[in-house]
Amino acid sequence: MSGEERAGTPEPEVEAAAEGASDAAPEDPGPALPPAVTAKGRRRRRKQPAPPPREEALTERPLALSGQPLPEPEQPVPVTRIAFDDCVPADERELLRLMRDWRRGRATRKLTEVVSDAYVMVFGVLMVTAMAVNVVLQVQTNVSACTTVACTSARSYLPWVTGALSAALALSMARLFGPVLASSAEGSWLMSTPIRRSRLLRPRLVAALVVALLAGALLAVLATLLSGAGADEVTAWTVATGLLATGMTAFAATQQVADHSAPARWGARLFALAGLGVLGLVVALSAGWTTVRLPGAEQVEVALVVGAVGLLLTLGCGLLANARLEKIPRLRLMSGGSLAAGLSGAFYALDLGLIHDIVVERRATERGHVRAMRGSGTGTTALVLRELQRTSRSPAAVPAVLATVVVPYAADALGLASIAPFLGGLAVFLTLIPLTGGLRVLTRNSGLARTLPFTTGQIRLATVAVPAAVALVWAVASTAAFVGFGEGAVPRSVPGALLVSLVTAAAGLMGAVRWTTAKPVNWSAPMASTPAGAFPPGLVTAPIRGIDMVLLITAPVLLGLSTVWSLVVLAIVALVLLGGFSGEGLRATQEQQRRELEKMRQQQRR
């Protein structure tokens with residue numbers, strides 16, 4: 001067969017339609033069409049299907065391609081015209097049912113796999129819950145050992161601190177996520193359709209309120225159990241704290257319509273300051289600087305008032321937010337959904353650094369832009385001045401670190417002086433992370449670091465200078481807490497307390513450096529086989545990065561050894577973290593030295 005014949009060969013369906021059309025029309029349809037040709041060029045006869053009926057043959061292509069006029073149909077073809085006014089809007093319930101049927105119809109997991117995963121999850125939750133209950137009981141035993149009036153008065157105000165901090169946390173999380181959110185797919189396909197969004201978003205608003213209620217109640221239960229309160233006080237403060245957190249979440253939902261984040265942000269700051277103020281009162285009561293005591297009945301009354309306020313906020317703001325669901329911008333819903341999806345993926349991989357980067361990016365996007373600043377200085381001084389400029393753009397970062405000075409004082413007031421160094425170092429570690437942004441950028445972007453005429457150790461020392469200065473101020477301000485003033489405190493001299501506070505602050509600083517400079521989990525490395533599945537070995541140590549440095553440096557002090565041992569451990573850790581030592585760098589240096597040695601040997605042989 002020639003190339004022209006192959007190019008003009010029609011498909012089998014077209015050939016069958018042509019034969020049907022020739023039977024229907026008496027005219028000569030033209031030259032005969034060649035049979036189908038296979039891919040290899042050999043002809044193959046196929047079984048011809050039955051010719052289509054006359055009505056269907058009239059609409060086939062061969063007649064139009066041959067240039068013949070199409071015959072008129074015997075009966076007029078009915079045409080359906082739909083006007084816009086006759087269209088009925090789609091029901092959101094039908095769309096939800098369609099989505100649910102589509103998801104269920106494409107399920108790829110078997111029932112045995114689901115049961116196995118559920119068993120692993122339930123077992124893990126029970127194990128973690130048992131560990132948490134054991135820790136709470138041990139701490140409660142240690143706290144209850146202090147039976148003086150100062151200790152009992154101080155512990156009675158601990159639920160107040162928990163209520164204020166729970167409200168601040170609820171406002172912060174609600175402002176960060178929405179609290180009403182939708183995924184990108186839902187925002188693109190569902191929220192853009194002419195349907196009522198209230199039916200789609202109302203269950204999500206209710207789910208956010210329920211989560212806030214349960215989280216606040218859980219925190220209140222832990223706080224009241226640690227304070228040694230009675231059953232009535234535990235119940236009252238649990239309900240009150242849960243309702244207060246729910247009310248704050250409903251209030252944040254009312255501000256989501258106009259995309260106003262300032263009320264929620266300032267409300268979170270005010271509640272955080274109130275919690276720190278009450279915590280200062282706890283310290284003052286324990287030190288004997290003041291005497292304020294509320295009986296159990298008055299504690300219950302205060303809890304009832306707080307619960308009533310939370311209930312009113314929940315009902316009022318909840319109804320208002322429900323009425324405004326139709327007015328929430330689609331982009332605001334999708335931004336919260338994309339953030340939740342990104343954080344869920346990072347949590348699945350246990351990559352806390354990625355979680356931090358996602359939150360920082362979200363805050364930067366929310367802020368929009370900043371005023372450009374010109375750098376100054378030469379050498380490593382330029383890096384230090386740049387870190388000062390970076391810190392000035394986040395005015396809340398330094399006060400957050402200094403506010404944790406109250407942690408060792410509160411631990412001493414509650415009878416937890418034996419673990420005050422670890423708690424203080426942990427607080428410094430968590431609050432210093434926002435101040436190590438420059439160190440994280442230069443650590444993750446090795447190409448950017450190579451453009452600077454400094455060694456890795458010089459770069460790390462320059463970028464850590466500002467956090468180190470803030471940690472030094474924290475150490476000086478917390479010296480009095482390690483002198484010992486509460487019941488069961490460890491008595492120390494002023495120089496000894498200053499040394500312990502310096503070790504605690506340095507432990508928090510090294511923990512922040514360790515967390516910032518740690519590399520992400522290498523998923524291309526050989527996997528470790530476990531009953532829970534295969535995962536890389538670095539995934540086990542990823543959640544405790546930074547905490548391990550705090551525990552390692554403060555361990556001699558916790559065990560009652562001399563502070564000199566903590567200083568020795570601190571020197572070793574600082575030499576490794578700030579000196580820029582890394583396994584990959586050492587291997588690269590050895591490889592370069594090996595190549596140079598081989599080159600010298602070849603030159604000598606010549």
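Considering segment 553-563, the residues that are in contact (Cβ under 8 Å) with a residue 60 or more places away in the chain and of a type in the set (Ser, Thr, Tyr) include one that is most open to solvent (accessible area, probe 1.4 Å), namely THR563.
Of the residues examined, SER566 is not one that is among the small types (Gly, Ala, Ser) and open to solvent by 80 Å² or more (accessible area, probe 1.4 Å). Among the residues of segment 512-534, is any open to solvent by 50 Å² or more (accessible area, probe 1.4 Å), assigned to a helix (DSSP H, G or I) and not assigned by the TED database to the domain that holds LEU352? Yes, because at least one residue in segment 512-534 is open to solvent by 50 Å² or more (accessible area, probe 1.4 Å), assigned to a helix (DSSP H, G or I) and not assigned by the TED database to the domain that holds LEU352. Scanning segment 218-241 for residues that are in contact with a Leu (Cβ under 9 Å, 6 or more places away or on another chain) and either free of Cβ contacts under 8 Å to residues at least 60 places away in the same chain or outside the structural domain of VAL305 (by the TED database) (or both) yields LEU219, VAL234, THR238. Scanning segment 188-239 for residues being in a loop (DSSP other than H, G, I, E, B) and of a type in the set (Lys, Arg) gives a total of 1.
Inspection of segment 537-552 finds no residue satisfying the criterion of being modelled with pLDDT of 90 or more, within 30 Å of ALA284 (Cβ to Cβ), within 29 Å of the chain's Cα centre (by Cα) and surrounded by 14 or more Cβ atoms within 10 Å (Cβ to Cβ).
Of THR152, THR148, THR129, THR162, all but one fail to be under 30 Å from LEU273 (Cα atoms), open to solvent by less than 80 Å² (accessible area, probe 1.4 Å) and either aromatic (Phe, Trp, Tyr) or modelled with pLDDT of 75 or more (or both); the exception is THR162. For segment 414-444, the tally of residues that are of a type in the set (Ser, Thr, Tyr) and under 15 Å from PHE482 (Cα atoms) stands at 1. Applying a threshold of 6 Å to beta carbon distances and a minimum spacing of six or more residues, or different chains, the list of pairs starting in segment 253-280 at a residue that is within 11 Å of SER172 (Cα to Cα) and ending at one that is small (Gly, Ala, Ser) and surrounded by 19 or more Cβ atoms within 10 Å (Cβ to Cβ) reads ALA264/ALA252; ALA268/ALA168; ALA268/SER172; PHE271/ALA164; PHE271/ALA167; PHE271/ALA168; ALA272/ALA168. Within segment 371-401, the residues that satisfy the criterion of being open to solvent by 70 Å² or more (accessible area, probe 1.4 Å) and of a type in the set (A, V, I, L, M) are ALA372, LEU388. Highlighted here are the helices (runs of 4 or more DSSP H) found entirely within segment 347-459 that include at least 3 residues which are under 30 Å from TRP523 (Cβ atoms) and touching a residue at least 40 places away in the same chain (Cβ under 8 Å): 352-367, 420-432, 437-444.
Taking the condition of being of a type outside the set (Ser, Thr, Tyr), modelled with pLDDT of 85 or more and open to solvent by 10 Å² or more (accessible area, probe 1.4 Å), how many residues in segment 238-265 meet it?
5
Taken over segment 167-187, the criterion of being under 21 Å from GLU366 (Cα atoms) and in a helix (DSSP H, G or I) is satisfied by ALA168, LEU169, ALA170, LEU171, SER172, MET173, ALA174, ARG175, LEU176, PHE177, SER184, GLY187.
The values are calculated or read from the model by the stated rules, or taken from the named source; none is laboratory data. Everything numeric here is computed off the predicted structure, so don't read it as measured data. Glycine gets a Cβ as well: all are built from the backbone with ideal geometry, and neighbour counts include every protein chain shown. Note: accessible area is taken over every heavy atom of the protein model, side chains too, but ligands, DNA and RNA are not part of it. Shrake-Rupley method; radii C 1.70, N 1.55, O 1.52, S 1.80 Å.
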